[in-house]
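S.K.: First the structure, then my questions, so here it is.
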Number of protein chains: 2
Amino acid sequence: MKLCILGAGNVATHLATAFVGVGHDVTVWNRNEAGLDMVNSLHNCHSTTRLDFLPKDADVYLISVRDDALNDIAEALRGVLGRTDAIIAHTAGSVALHVLETRFTHCGVLYPMQTFSKTKPLDYSAIPFFIEGKGGAERVLWRLAESVSANVYVADSHQRKTLHIASVFACNFVNHCFAISERILSEANVPFRVMLPLIQETIAKVQIMSPSQGQTGPAVREDHTIMDEHIRMLCDKPIEQEIYKLLSQNIINYK
Amino acid sequence: MKLCILGAGNVATHLATAFVGVGHDVTVWNRNEAGLDMVNSLHNCHSTTRLDFLPKDADVYLISVRDDALNDIAEALRGVLGRTDAIIAHTAGSVALHVLETRFTHCGVLYPMQTFSKTKPLDYSAIPFFIEGKGGAERVLWRLAESVSANVYVADSHQRKTLHIASVFACNFVNHCFAISERILSEANVPFRVMLPLIQETIAKVQIMSPSQGQTGPAVREDHTIMDEHIRMLCDKPIEQEIYKLLSQNIINYK
């Protein structure tokens, strides 16, 4: 397929890499040249900082920008495109299809549920893609996702928002718990890597049992002596202390 | 070595399994017979529900009970033992050596920093053990830990408490974030297993970069439109909503 990707952030850069990798003809647009560094290092990937220089005959235009910039970029794209039969899709978990529906007949969403950091290579075949589409877009976006991944699903805007918020807990907040752990350890001059076997086992467990079954620690044992001591130890970190109290309370509530 | 383990919870049961596995002579005591089921299924592991039936000539007595029961069990053990040259150690992350020091000359701590569920087998060689000891106990406990694991460290009571609180964030709270994610998805009839590729990548990243560098998601992008919508979507879950707000705020604070 002939694709245009609008944006050059973490998601856009990885999608460009994935799609170029399976032989699609990809052009990436970004507002400034700096963001295009990684894209420009890809073989057979075109790039531009001029929206009006994008090919007019692409099969799919994929808008992958900050959620709060999506509306403006969609409007600008409509301005330069001058055709109504192109498929326009965005990649955002929490943005309804509506933002494109008001402007384009063939519109959709291609949401890759993964954590993307520019410098960390990924196995694209494992990424779950969630597709939504109107006016024939669903079928084309499905084919596009299937060209890189074995895990393609249809999900409407409400389901996708639910997936997104669930992924904030299962990924972004999990990573932040690691970051808090790292900070606590660094103050005692202990390197974070001592936590890795524990983290690996935590994740190995969740592959074979429900997280609610696999819960361990002072909160699920309702060991208030330890919890009170931990809360005292966090007295100079009021937000982390409050996080400790709330998560512990909620672990007890989930029993 | 000849070992007695007092307790038959998750930690005690796994330590018995590990120590029997490398050829130590292990007897496990537990208050009631029911808790000894797993231990009794081990080859060459003895068990009893009578504290006064424990061998009097063991090299190490390892107390692995709820933190708030530790004091009582230590006192009862002193009553039945009738010798002062035995090494008595506990396995608790957040309990100071002091609780044993007042009663026993040769005392210590052997803290295995891992998440233990009785039914999930473990690779004991990867578990970090943190050792503290007085009166020759440190050397013996080090040898004991080294007989099963390649990761043995010395840590005093303060360092161990720091490790414990850091592990609550890196393991227990991480698992609870998975449990919240599971609950949110279940209400939309989405199975939690769709999250597994995302979770695997989250953990793969933390092996190669600092969690503070690897942070992704709406909070680190300061995308308040999305965060506000997620907070609205959690209106019927006030504690999860508060957790969302606090963790997001702290992700921004850590930038």
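Since every read-out is calculated from the coordinates, none of them should be taken as a lab result. On a predicted model such as this, the values are computed, not experimentally measured, just so you know. With ideal geometry, Cβ positions are generated from the backbone for all residues, glycine too; neighbour counts draw on all protein chains shown.
S.K.: Express the C-alpha Rg of the protein assembly as shown as a ratio against the empirical globular expectation 2.2 N^0.38 Å, rounded to two decimals.
M.R.: For the protein assembly as shown, the normalised Cα radius of gyration is 1.15.
S.K.: In a GNM of chain B with a 10 Å cut-off on Cα contacts, which of B:Ala155, B:Ala188, B:Ala58 has the highest mean-square fluctuation?
M.R.: B:Ala188
S.K.: Let me ask something additional. Amide H to amide H, which residues 5 or more places from B:His106 or on other chains are under 5 Å from it, using H placed in the peptide plane?
M.R.: Answer set, sorted by chain and number: B:Ile88.
S.K.: I would also like to ask the following. Just to be sure I understand the model, the point goes 7 Å from the Cα along the line to the Cβ. What's the resulting A:Lys56 to B:Asp228 distance in nm?
M.R.: Modelled inter-label distance: 3.9 nm.
S.K.: Connecting C-alpha atoms closer than 10 Å in a GNM of chain B, tell me which of B:Thr27, B:Thr102, B:Thr49 has the biggest fluctuation.
M.R.: B:Thr102
S.K.: Still on this structure, please answer the following. For the protein assembly as shown, what does the helix formula give at 222 nm: sum of -39500 (n - 2.57) over DSSP H segments with n ≥ 4, over the residue count, nearest 500 deg cm²/dmol?
M.R.: It lands at -12500 deg cm²/dmol.
S.K.: Mean projection of the alpha-carbon convex hull of chain A over all orientations, in nm²?
M.R.: Result: a mean projected hull area of 16.1 nm².
S.K.: Here's another thing I want to ask about it. Using a 10 angstrom cutoff on alpha carbons, build the Gaussian network for chain A and name the most mobile of A:Val65, A:Val190, A:Val95.
M.R.: Checking each option, the largest mean-square fluctuation is seen for A:Val190.
S.K.: Can you pick out the pairs among A:Lys161/B:Lys237; A:Lys205/B:Lys120; A:Lys237/B:Lys161; B:Lys2/B:Lys56; B:Lys2/B:Lys118; A:Lys205/B:Lys161 whose Cα atoms lie more than 18 Å from each other?
M.R.: From the list (A:Lys161/B:Lys237; A:Lys205/B:Lys120; A:Lys237/B:Lys161; B:Lys2/B:Lys56; B:Lys2/B:Lys118; A:Lys205/B:Lys161), the Cα-Cα distance tops 18 Å for B:Lys2/B:Lys118; A:Lys205/B:Lys161.
S.K.: May I ask for the equivalent-ellipsoid semi-axes of the range A:1-68, computed as the square root of five times each C-alpha gyration tensor eigenvalue and listed largest first in whole Å?
M.R.: 15, 14, 12
S.K.: Relative contact order for the range B:1-50: what percent, with Cα pairs under 8 Å and sequence separation of 6 or more?
M.R.: The value is 38 percent.
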